[in-house]
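Everything below concerns the one structure shown next.
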Amino acid sequence: MPDHSPIVIGVAGRIGSGKTLVARYLEENCGFQYLRYSLILAEWFNADPGGKTRLQEVGWGVMSGEGQRELNRRLIAKVDPQRDCAVDGLRHPIDYEELRRSFKDRFYLIFVETSAEIRFSRLRPRYESHEAFLAADEHPVEQNIDSLRSDASAIIRGDVSLAAFKAELDLIISGFKGQPAQLDQ
């Protein structure tokens with residue numbers, strides 16, 4: 001019999017990979033609570049959540065100054081224990097460790113893997129040049145993301161069609177919840 005305890009799904013991947021698409025899909029189509037590290041960071045430091053460069057600098061200050069556990073404490077305090085929750089934007093092994101420690105076997109990590117070319121094409125309106133994109137992608141706050149891949153409960157390709165992406169995500173979520181997959185006919 002499937003366990004109906006709420007689950008927490010963390011979503012990690014490089015900038016522009018499709019993390020927010022995963023987390024918002026879970027919110028809008030599966031009723032998950034949506035939390036995002038950058039929003040917690042922006043709230044904590046009164047920073048503009050749309051200002052990626054500023055948030056990277058604030059995030060690096062937190063990460064390099066041993067504040068990552070406090071950031072996680074603030075995020076975890078917002079998790080509704082009565083609902084499934086999607087956490088967008090894990091960037092550091094401490095994020096994984098703290099969520100795993102707090103939610104144990106109810107925590108899953110999805111890693112979204114997408115080529116740099118596709119990520120840049122998605123983010124082109126945000127960055128004035130390919131060099132600006134690369135600078136953001138290579139910022140120190142982004143450098144631990146790939147290490148989370150080995151901790152992932154599932155890896156999903158972010159450079160497939162939207163229909164294929166959603167179908168794969170539905171299968172992954174069904175597996176996490178211990179439910180038989182509902183395949184589209």
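The values are calculated or read from the model by the stated rules, or taken from the named source; none is laboratory data. Since this is a predicted model, take the numbers as computed values, not measurements. So basically every Cβ, Gly included, is an ideal-geometry build from the backbone, and we count neighbours across all protein chains shown.
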- [ ] Go through the range 35-63 residue by residue and tally those that are within 17 Å of residue 97 (Cα to Cα) and either among the charged types (D, E, K, R) or modelled with pLDDT under 90 (or both).
- [x] 3
Task: Qualifying residues in the range 104-114 (those that are modelled with pLDDT of 95 or more and not aliphatic (A, V, I, L, M)) - the one nearest to residue 6 (Cα to Cα) - done: 107
Task: Residue satisfying all of: in the range 1-14; modelled with pLDDT of 95 or more and among the aliphatic types (A, V, I, L, M); farthest from residue 141 (Cα to Cα) among these - done: 7
Open item on the list: Can you confirm whether residue 127 is touching a Ser or Thr at 6+ places or on another chain (Cβ under 7 Å) and aromatic (Phe, Trp, Tyr)?
Closed with: no
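Output the number of residues of the range 131-150 satisfying the condition of being surrounded by 16 or more Cβ atoms within 10 Å (Cβ to Cβ), under 18 Å from residue 92 (Cβ atoms) and either of a type in the set (Phe, Trp, Tyr) or within 16 Å of the chain's Cα centre (by Cα) (or both).
At the first step, the residues of the range 131-150 found to be surrounded by 16 or more Cβ atoms within 10 Å (Cβ to Cβ) are 133, 136-137, 139, 141-142, 144-145, 148.
Then keep just the ones that are under 18 Å from residue 92 (Cβ atoms); that gives 136-137, 139, 141-142, 144-145, 148.
Then drop every residue that is not either of a type in the set (Phe, Trp, Tyr) or within 16 Å of the chain's Cα centre (by Cα) (or both), which leaves 137, 141-142, 144-145, 148.
Qualifying residue count, the range 131-150: 6.
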Open item on the list: Name the residue that is surrounded by the most Cβ atoms within 10 Å (Cβ to Cβ), counting only residues in the range 75-130 that are without any contact (Cβ under 8 Å) to a residue 60 or more places away in the chain and within 13 Å of the chain's Cα centre (by Cα).
Closed with: 75
TODO: Filter the range 146-180 down to the residues that are touching a helix residue (DSSP H, G or I) at 6+ places or on another chain (Cβ under 8 Å) and assigned to a loop (DSSP other than H, G, I, E, B), then identify the one that is nearest to residue 25 (Cα to Cα).
DONE: 158
TODO: Go through the range 80-115 and count every residue that is in contact with a Phe, Trp or Tyr (Cβ under 8 Å, 6 or more places away or on another chain) and of a type in the set (A, V, I, L, M, F, W, C).
DONE: 6
Task: Residue in the range 129-145 that is outside any loop (DSSP other than H, G, I, E, B), closer than 23 Å to residue 37 by Cα, small (Gly, Ala, Ser) and out of contact with any helix residue (DSSP H, G or I) (no Cβ under 7 Å at 6 or more places or on another chain) present - done: yes
